[in-house]
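Data first, discussion second: the structure below is written as structure tokens.
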Amino acid sequence: MVNAVRATSGDAIGRSPSGDRAVDAVIVGAGYAGSIVARELARAGKRVLVLESGPDWQSRDLVSSQIWSRRLRGGTGLYRSQGRDPVGIGFNLGRGMGGAGIHHYAGWFRMHAADFDVRTRYGWQLDWPLGYDDLRPYYDRAQRDVGMSGDARAEVWRPPGAPYPLPPLPLQAHGRILKRGFDALGLRTSPAPQAILSRPYKGRPACDLNGWCDSGCSIGALGNPLVTFIPEAKQAGAEFRTGIHVLRVLSRRGRASGVEYVDDRGRRHVQEAKVVVLAAFALETPRLLLNSAEGGLANSSGLVGRFIHVHALLSLYGLFAERTDIGRGPTGAQLLCQEDHDSDPAKGGYFGGYQWLIGTSKKPNDLAGIAMSRADLDGARLDAFMRRASGHLASMDLIGTGTVSADNRLTLLDERDEHGMPIAMVTHDHDDNAHALQDAALAQGLEIMHAAGATEAWAGARATAHIMGGTIMGNHPRTSVVTSHGQTHDLENLFIATPGVFPTGSSVNPTFTQVAWTLRSAEYMTRHWRDFA
Amino acid sequence: MRENITRKVFLRQAAGFGALLAWASLVTVGAPPSTASPSSAEPPAALEWTRTIEAWCDLLVPGAADHGVVDFVTTQLAKKPDDALLGIRYFDWPPPWAGFYQAGANALDAASRARFGVPFVMSSGAQRSDLLDILSRGELSWDGPPFALFRLVTRGDAIDVVYGVPAGYAHIGLPYRPQIEPVTSW
């Protein structure tokens, strides 16, 4: 790691030529977390300013094209990825209003009660400083906020909670075909719970089932921040500014005092605030903290940037004699199987668990497209495959428990971006356990495909999905960066609201938990404002 | 472009869903003079690599040349990386990316010369297919970005222009059903 601090002390920065009017809270990042905190604080009467580096996307900008969808991704050139199992960064990050939320697939799953204390239960990985019961009411609130569809009763593995406000999306042919395989092997499935509308809700239309989740749902059926928390935050009085690149969190005498940023014309500013909230996802947040002070701000634990973790990802494919209509339905999944969610090591083979996201709709191109399912094919063989697969392919994705290690980390390089901030390196290796889990899932996945009647079945490459950790939460300042509410142990008026606070990742997609956790954190901020602001 | 300044670039694995291969951790590639795409103001040498890329993409995905793969690549290389629509951004390869394409094209030419005595664009269709097979098996020296990544990225570009547009959907019998139809393909 290099010495990241470019400027001098916070006091010197305070003499910046263009200081902006102080606010109650400045929030960095306008994704789910940033817009949720903005909404809650603005509703509590606070003057809130949200600074976002990317464009001011509107739903009308979400063009139906896998080619155009790439401009929605963030972090380009700001991070390097290395290791035996490198984190896929470019595909995961967002950019602009809505953050990664505008291209995520909206598979929203609750973590199970046993996921929150795997250290205590099994002596493995880390405990969360809160339990399922602490999050349960916020899961319930979140699913009402965005309008979730699903069948809580059919999800036999689901922890207790309110039923979904909307019924499941209709099952498409490729989901129905794959379900045969699960049924034949005695594996239970349920409709996949999704932050996608199956019926009109709060003035938004139901999903058209055309599979444009990745390029951004322009009709607003998918509950991304553009159609949920951002307009509500604005209505409550929060201000959002785009094209703003925050360089550092400023601090004086053990408190955060604001942020230093560069606007879209290259002018440097200081924005003072009573409270600073970093909601810039799991990678930019530790990059900012490490760039904010010698040795990193809020880093007395030395853990800022450490414990980056991801999910193990594996895609299974099958070709079927009948038509699958793989272009129909949501991108993320139609059905869910969590039969192997349990982390109990007594089951043998590996620790942790996985879920199957069944019946993922496909477009021809892009990283998760039909052509990438057979990356070995070229020329006429590729064309023959494309024409066959468009009518007869079905697929499902494994999301599995990842590796939690302090050695998987983000550090700063000497190389700098256009604004002078150090580029970050993300290093990640899976342990043998994650590979053993993928091996087991691969074998089961092929068996399911054949049981479903596939004439050919195969798996894609082992990969990673979702990015968590880097600023983990915990009860003790020596072993964590923030509290269970995201308050940094070192600076009481500096908060973090990203999946970077997750000490472990379970084996479910993290967005639902991120949203619920942020609702809880924002409520804490409003109730205890006088204690730290 | 081999005579251009070279620099050491940490090459990270092709990550995300596409993590297919472990690449060398440190290689040397030709660095481009700028991120600008070829234009009439650029020397002929700068255009040469686009002809190689075009022929190569057409080998990987027949029709890529006619469907404008060079226009796609060069127009995107001319944009700021944040706005570029190239699939390479998913492989966490650091921008600017023109050097990636140029170095790959140069490596293809060198391999073709070594094998057949002619640059890639001068080789026959059969020779090009042979070269792809040989390079895929790692049986010929390759002095460029990791071959597997180069193939994956350029194959993706070709797939974008052939199959990722409404006409391509129609070709394979997949209804496009846009919510908002793109005004231009890229």
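Evaluating A:ASP134 against the criteria (1) among the acidic types (Asp, Glu); (2) surrounded by 24 or more Cβ atoms within 10 Å (Cβ to Cβ); (3) more than 22 Å from A:GLN355 (Cα to Cα); (4) more than 14 Å from chain B (Cβ to nearest Cβ) leaves one unmet condition, (2). Among the residues of the range B:70-122, those identified as of a type in the set (Phe, Trp, Tyr) and either without any contact (Cβ under 8 Å) to a residue 12 or more places away in the chain or within 14 Å of chain A (Cβ to nearest Cβ) (or both) are B:PHE72, B:TYR90, B:PHE91, B:TRP93, B:TRP97, B:PHE100. Candidates A:SER315, A:SER361: the one that is of a type outside the set (A, V, I, L, M) and surrounded by 24 or more Cβ atoms within 10 Å (Cβ to Cβ) is A:SER361. The selection criterion, being farther than 21 Å from A:ASN92 by Cβ, away from chain B (no Cβ under 13 Å), of a type in the set (A, V, I, L, M) and touching a residue at least 24 places away in the same chain (Cβ under 8 Å), does not hold for A:ALA443.
Could you list all residues from the range A:198-220 that are more than 14 Å from every other protein chain (Cβ to nearest Cβ) and buried (at least 17 other Cβ atoms within 10 Å of the Cβ)? Before the answer, list the steps.
First, pick out the residues of the range A:198-220 that are more than 14 Å from every other protein chain (Cβ to nearest Cβ): A:198-203.
Those that are more than 14 Å from every other protein chain (Cβ to nearest Cβ) and buried (at least 17 other Cβ atoms within 10 Å of the Cβ): A:SER198, A:TYR201.
Going residue by residue through the range A:258-270, is there one that turns out to be assigned to a strand (DSSP E or B), under 23 Å from A:TYR524 (Cβ atoms), in contact with a helix residue (DSSP H, G or I) (Cβ under 8 Å, 6 or more places away or on another chain) and at pLDDT 95 or above? Before the answer, list the steps.
Initially, the range A:258-270 is screened for residues assigned to a strand (DSSP E or B), giving A:258-262, A:268-270.
Filter once more, keeping what is under 23 Å from A:TYR524 (Cβ atoms): A:258-259.
In the following step, the residues that additionally are in contact with a helix residue (DSSP H, G or I) (Cβ under 8 Å, 6 or more places away or on another chain) were identified as none.
No: zero hits.
So is A:ALA233 crowded, with 17+ Cβ neighbours inside 10 Å, touching a residue at least 24 places away in the same chain (Cβ under 8 Å), among the small types (Gly, Ala, Ser) and within 25 Å of A:HIS528 (Cβ to Cβ) or not? Taking the combined requirement at face value, the residue satisfies it.
List the strands (runs of 3 or more DSSP E) that sit entirely inside the range A:309-400 and contain at least 2 residues that are within 13 Å of chain B (Cβ to nearest Cβ) and not small (Gly, Ala, Ser).
Values: elements: A:309-319, A:335-340, A:354-358, A:393-400.
Here the list reads A:309-319, A:393-400.
Evaluate the following for A:GLY96: is it outside any strand (DSSP E or B), on the phi > 0 side of the Ramachandran plot, touching a Gly at 6+ places or on another chain (Cβ under 6 Å) and not β-branched (Val, Ile, Thr)? I'd like the intermediate steps shown before the answer.
Working: outside any strand (DSSP E or B): yes; on the phi > 0 side of the Ramachandran plot: yes; touching a Gly at 6+ places or on another chain (Cβ under 6 Å): yes; not β-branched (Val, Ile, Thr): yes.
Answer is yes for this residue.
Being assigned to a loop (DSSP other than H, G, I, E, B), away from chain B (no Cβ under 14 Å) and within 23 Å of the chain's Cα centre (by Cα): is that true of A:GLY161 here? Don't jump to the end; show me each part of the working.
On the way: assigned to a loop (DSSP other than H, G, I, E, B): yes; away from chain B (no Cβ under 14 Å): yes; within 23 Å of the chain's Cα centre (by Cα): yes.
When the stated conditions are applied, A:GLY161 passes them.
When you scan the range A:44-62, how many residues do you find that are surrounded by fewer than 22 Cβ atoms within 10 Å (Cβ to Cβ) and at the interface with chain B (Cβ under 8 Å from one of its Cβ atoms)? Matching residues across the range A:44-62 total 1.
Residue-by-condition table, conditions (1) surrounded by 18 or more Cβ atoms within 10 Å (Cβ to Cβ); (2) within 23 Å of B:TYR169 (Cβ to Cβ); (3) in contact with a strand residue (DSSP E or B) (Cβ under 8 Å, 6 or more places away or on another chain):
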site: B:THR52; (1), (2), (3): yes, no, no
site: B:GLN102; (1), (2), (3): yes, no, yes
site: B:ALA107; (1), (2), (3): yes, no, no
site: B:PHE116; (1), (2), (3): no, no, no
site: B:PHE120; (1), (2), (3): yes, no, no
site: B:GLY125; (1), (2), (3): no, no, no
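Among the candidates A:GLY88, A:GLY175, single out the residue that is small (Gly, Ala, Ser), within 14 Å of chain B (Cβ to nearest Cβ) and crowded, with 20+ Cβ neighbours inside 10 Å. Working first, answer last.
On the way: A:GLY175 fails: within 14 Å of chain B (Cβ to nearest Cβ).
That would be A:GLY88, the only listed residue that is small (Gly, Ala, Ser), within 14 Å of chain B (Cβ to nearest Cβ) and crowded, with 20+ Cβ neighbours inside 10 Å.
Return yes or no: is A:ASP429 at pLDDT below 95, surrounded by fewer than 16 Cβ atoms within 10 Å (Cβ to Cβ) and either assigned to a helix (DSSP H, G or I) or not small (Gly, Ala, Ser) (or both)? No: the conditions fail for A:ASP429.
Checking A:VAL501, A:VAL481, A:VAL508, A:VAL515 one by one, the residue that is without any contact (Cβ under 8 Å) to a residue 40 or more places away in the chain and crowded, with 24+ Cβ neighbours inside 10 Å is A:VAL501 and no other.
Here's the yes/no breakdown for (1) in a loop (DSSP other than H, G, I, E, B); (2) of a type outside the set (A, V, I, L, M, F, W, C):
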residue	(1), (2)
A:GLU284	no, yes
A:LEU289	no, no
A:SER292	yes, yes
A:GLY296	yes, yes
A:ASN299	yes, yes
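Taking the criterion of being in contact (Cβ under 8 Å) with a residue 24 or more places away in the chain and either more than 7 Å from every other protein chain (Cβ to nearest Cβ) or in a loop (DSSP other than H, G, I, E, B) (or both), the residues of the range A:63-76 that qualify are A:VAL63, A:SER64, A:SER65, A:GLN66, A:ILE67, A:SER69, A:LEU72, A:GLY74, A:GLY75. Answer yes or no: is there a residue in the range B:161-180 that is under 14 Å from the mean Cα position of the chain (by Cα) and surrounded by 15 or more Cβ atoms within 10 Å (Cβ to Cβ). Within the range B:161-180, one or more residues are under 14 Å from the mean Cα position of the chain (by Cα) and surrounded by 15 or more Cβ atoms within 10 Å (Cβ to Cβ). Evaluated against (1) part of a loop (DSSP other than H, G, I, E, B); (2) away from chain B (no Cβ under 14 Å); (3) at negative phi; (4) in contact (Cβ under 8 Å) with a residue 24 or more places away in the chain, A:GLN143 falls short on exactly one condition, (1). All of (1) more than 14 Å from chain B (Cβ to nearest Cβ); (2) over 24 Å from A:PHE109 (Cβ atoms); (3) in contact with a Gly (Cβ under 7 Å, 6 or more places away or on another chain) hold for A:MET421 with one exception: (3).
Among the residues making up the range B:123-157, those that are within 17 Å of B:GLU54 (Cα to Cα) and at the interface with another protein chain (Cβ under 9 Å from one of its Cβ atoms) are B:SER129, B:LEU132, B:ARG151, B:LEU152, B:ARG155, B:GLY156.
The values are calculated or read from the model by the stated rules, or taken from the named source; none is laboratory data. Predicted model, so just to flag it, every value in this text is computed and none were measured. Note that each Cβ is placed from the backbone with ideal geometry, even for glycine, and that neighbours are counted across all protein chains shown.
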